[in-house]
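**Q** Can you read through this structure? Questions will come right after.
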Amino acid sequence: MTDGDLVRQAPDGRSAAYGELVRRWSAQVLAMCHARVGRHAIAEELAQETLLRGFRSLGSIEAPDRFGSWICGIAHRVCMDHRKAKQSSQVSFSAIDADQPAEQFVATTDSVIATAQRHEERAQLLQEIDRLPDELRETLILYYYDDVKYQELAEQLMVSPATINARLAKARALLRQRLLTSGDSDEL
């Protein structure tokens, strides 16, 4: 059953139809929100808000077969509303793992050192990702977060697949250059 079929069924009181749409698109909506706000917990709240707004506005969708683009557009607006409300810029990506329990890092001395080194390298990589221009950072995170194909990502961001390819190549090159400069090129 296509997205369009499910959209047409949902307003008729078939909540299972919208549930299936949520199942299909929630990961991509979450990835988009995460890419825009940088914090997973906030992204989850914004994704839920997006899906709720989508449900409430389902009757207004003009092209049911383009549900994915429509719901991603709502996600974009929800994230923009959030950013305006907080009057803040992107949150640092280095805060992503701040809530992990400390006991997970405690083991033998060697593994603690290795884990600390990997954590430091990951923090440096995330810090460099945070410094990328918005369109490169968004494309990179969405591509790797949800394992989306170029064509799907192009539709979601309303650009061509060639643009997605160019953005990913440029983002990787910038990250590689920055990490080589700092002496840490093993991440890429």
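The values are calculated or read from the model by the stated rules, or taken from the named source; none is laboratory data. These numbers come from a predicted model, not from an experiment. Every residue, glycine as well, gets a Cβ built from its backbone with ideal geometry; the counts of neighbours run over all protein chains shown.
**Q** Looking at segment 61-96 only, could you name the residues that are part of a loop (DSSP other than H, G, I, E, B) and modelled with pLDDT of 50 or more?
**A** Within segment 61-96, I61, E62, A63, Q87 qualify.
**Q** Do we have S57 as modelled with pLDDT of 65 or more and among the polar types (S, T, N, Q) here?
**A** yes
**Q** A further question on this structure: Scanning segment 1-48 for residues that are among the basic types (K, R) and under 21 Å from the mean Cα position of the chain (by Cα), which turns out surrounded by the fewest Cβ atoms within 10 Å (Cβ to Cβ)?
**A** By that ranking, first place goes to R23.
**Q** Considering only segment 132-188, how many residues are touching a helix residue (DSSP H, G or I) at 6+ places or on another chain (Cβ under 8 Å), modelled with pLDDT under 85, over 18 Å from G73 (Cα atoms) and in a loop (DSSP other than H, G, I, E, B)?
**A** 6
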